[in-house]
Amino acid sequence: QPITTDMGTLTRQIDRYANEKKLEIETLKVREEYRKEFIGNVSHELKTPLFTVQGYIETLLGGAMDDKKLREKYLSRASKGVERLSYIIKDLDMITKLEVGDLSLNKQRFDIIELVKNVFDLFEMKAGKKKITLDFDRDYTKPIYVFADKERIQQVLTNLIVNSIKYGKEKGTTEVNIENLIKNKIIVRVTDNGEGISKDNIPRLFERFFRIDKSGSRKEGGSGLGLAIVKHIIEAHDEKLYVESEIGVGSEFSFTLEKAK
Ligand code: ADP
């Protein structure tokens, strides 16, 4: 190997090397920041339900245990808290897999109408508690076949429908509507007439852990991961996701899917 004696070339080589190293360090720094922020968010989200459960257990140990009614009340609340914790952990697991691109899609042909009906059935009780009606906007007599990852699309529908119940108003309606878009695409819309979302908050909705403080969301106790998961799944399918909303009027979340033959 001839040694370069040309100082110009040498300086350029050193500069290039230094730049590469700088970039590497910057990437590592960004990753480290991201990791710290993620862990910070996770601990924050887990703390609230954990403290609640701890509170109920302490109350029980402090004497409430002896009273049958109180015992049942606090045990069932503690159990709800643990259930919430497990939902958050499930969401965390999902978002981590989605963010590191560790989740391969298992696409198949299925009837989207039937899937929506299944999700409606699962959340009928939850909706009933707020007297919310879950409905199709019209009678779909024929199946509509799509080609996608059924389990993941079920998750998307679940997250959107659960949100429409959580942030919907008492005696409101959640409506699903499915339409042909262009020749090989359909669009699925989930519409509610709930509290709505302000223009300022719309761009941040799909960030993980983002929740609107003023909305019922704190009380409702989710993880702030639902819409981030939705966005990842739709993007992994190379499909589009839209949101339209107006404060006091309601929201509409929609996504496209590929039609199957
Ligand atoms: P969360 O677990 O808090 O529901 P999401 O990621 O699903 O997390 O939603 C993020 C935030 O967006 C919610 O906390 C809520 O403030 C707002 N949001 C989501 N869906 C709706 C909706 N249908 N109507 C009004 N606000 C909504």
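The values are calculated or read from the model by the stated rules, or taken from the named source; none is laboratory data. All figures in this text were calculated on a predicted structure; none of them were measured in a lab. Because the Cβ atoms are built from the backbone with ideal geometry, glycine has one as well, and the counts that use them run over all protein chains shown. When the accessible area is computed, the model is the full protein with side chains, heavy atoms only, and any ligands, DNA or RNA have been set aside. Shrake-Rupley method; radii C 1.70, N 1.55, O 1.52, S 1.80 Å.
When the residues of the stretch 244-261 are filtered to those that are surrounded by fewer than 19 Cβ atoms within 10 Å (Cβ to Cβ) and of a type in the set (A, V, I, L, M), the one that is farthest from the ligand (Cβ to nearest atom) is Ala260.
Looking at Ile95, Ile112, can you tell me which residue is of a type outside the set (Phe, Trp, Tyr) and modelled with pLDDT of 95 or more? Outline the logic, then answer.
On the way: Ile95 fails: modelled with pLDDT of 95 or more.
Among Ile95, Ile112, only Ile112 is of a type outside the set (Phe, Trp, Tyr) and modelled with pLDDT of 95 or more.
Evaluate the following for Val190: is it more than 10 Å from the ligand (Cβ to nearest atom), open to solvent by less than 20 Å² (accessible area, probe 1.4 Å) and assigned to a strand (DSSP E or B)?
No.
All conditions in (1) closer than 26 Å to Lys240 by Cα; (2) open to solvent by 20 Å² or more (accessible area, probe 1.4 Å); (3) β-branched (Val, Ile, Thr) hold for Ile89, with the sole exception of (1).
Here the condition is being at negative phi and assigned to a loop (DSSP other than H, G, I, E, B); of Leu10, Leu115, Leu92, Leu103, it holds for Leu103 alone. So is Asn163 open to solvent by 40 Å² or more (accessible area, probe 1.4 Å) and either polar (S, T, N, Q) or within 13 Å of the ligand (Cβ to nearest atom) (or both) or not? Against the criterion (open to solvent by 40 Å² or more (accessible area, probe 1.4 Å) and either polar (S, T, N, Q) or within 13 Å of the ligand (Cβ to nearest atom) (or both)), Asn163 does not qualify.
When both residues are 6+ apart or on different chains and their Cβ atoms are under 7 Å apart, which pairs have a first residue that lies in the stretch 134-147 and is surrounded by 10 or more Cβ atoms within 10 Å (Cβ to Cβ), and a second that is of a type in the set (Asp, Glu) and assigned to a strand (DSSP E or B)? From the stretch 134-147, the pairs are Asp135/Glu175; Asp137/Glu175; Pro143/Asp111; Ile144/Asp111; Tyr145/Asp111; Val146/Glu258; Phe147/Glu258.
Whether a residue is among the aliphatic types (A, V, I, L, M), crowded, with 18+ Cβ neighbours inside 10 Å and under 18 Å from Ala236 (Cβ atoms) was assessed, and Ile153 passes this test. Residues of the stretch 166-185 that are part of a strand (DSSP E or B) and open to solvent by 30 Å² or more (accessible area, probe 1.4 Å): Thr173, Glu175, Glu179, Asn180, Lys185.
With respect to Asp139, determine if the residue is among the charged types (D, E, K, R) and under 25 Å from Gln155 (Cβ atoms). No, not satisfied. Tallying residues that are within 22 Å of the chain's Cα centre (by Cα), charged (D, E, K, R) and under 18 Å from Gly194 (Cβ atoms) within the stretch 110-129 yields 2. Here Val146 does not qualify as out of contact with any His (no Cβ under 9 Å at 6 or more places or on another chain), within 14 Å of the ligand (Cβ to nearest atom) and hydrophobic (A, V, I, L, M, F, W, C). Among residues of the stretch 22-47 that are closer than 21 Å to Ile89 by Cα, those with a Cβ under 7 angstrom from a residue that is part of a helix (DSSP H, G or I) and modelled with pLDDT of 85 or more, sequence gap 6+ or separate chain, pair up as Val42/Leu92; Glu45/Ile88; Leu46/Leu85; Leu46/Ile88.
Is it true that Phe123 is open to solvent by less than 60 Å² (accessible area, probe 1.4 Å) and closer than 21 Å to Ala148 by Cα? Answer is no for this residue. Look at the stretch 245-261: where a residue is under 10 Å from Ile186 (Cβ atoms) and among the hydroxyl-bearing types (Ser, Thr, Tyr) and a partner is more than 10 Å from the ligand (Cβ to nearest atom) and open to solvent by 60 Å² or more (accessible area, probe 1.4 Å), sitting 6+ places away or on another chain with Cβ atoms under 7 Å, you get Thr256/Leu181; Thr256/Lys240.
Quick one: how many residues across the stretch 48-75 are part of a helix (DSSP H, G or I) and over 24 Å from Ile89 (Cα atoms)? Talk me through it step by step, then tell me what you get.
Kept after step one, since they are part of a helix (DSSP H, G or I), are these residues of the stretch 48-75: 48-61, 64-66, 68-75.
The next check asks that each one be over 24 Å from Ile89 (Cα atoms); those that pass are 59-61, 64-66, 68-73.
Residues in the stretch 48-75 being part of a helix (DSSP H, G or I) and over 24 Å from Ile89 (Cα atoms): 12 in total.
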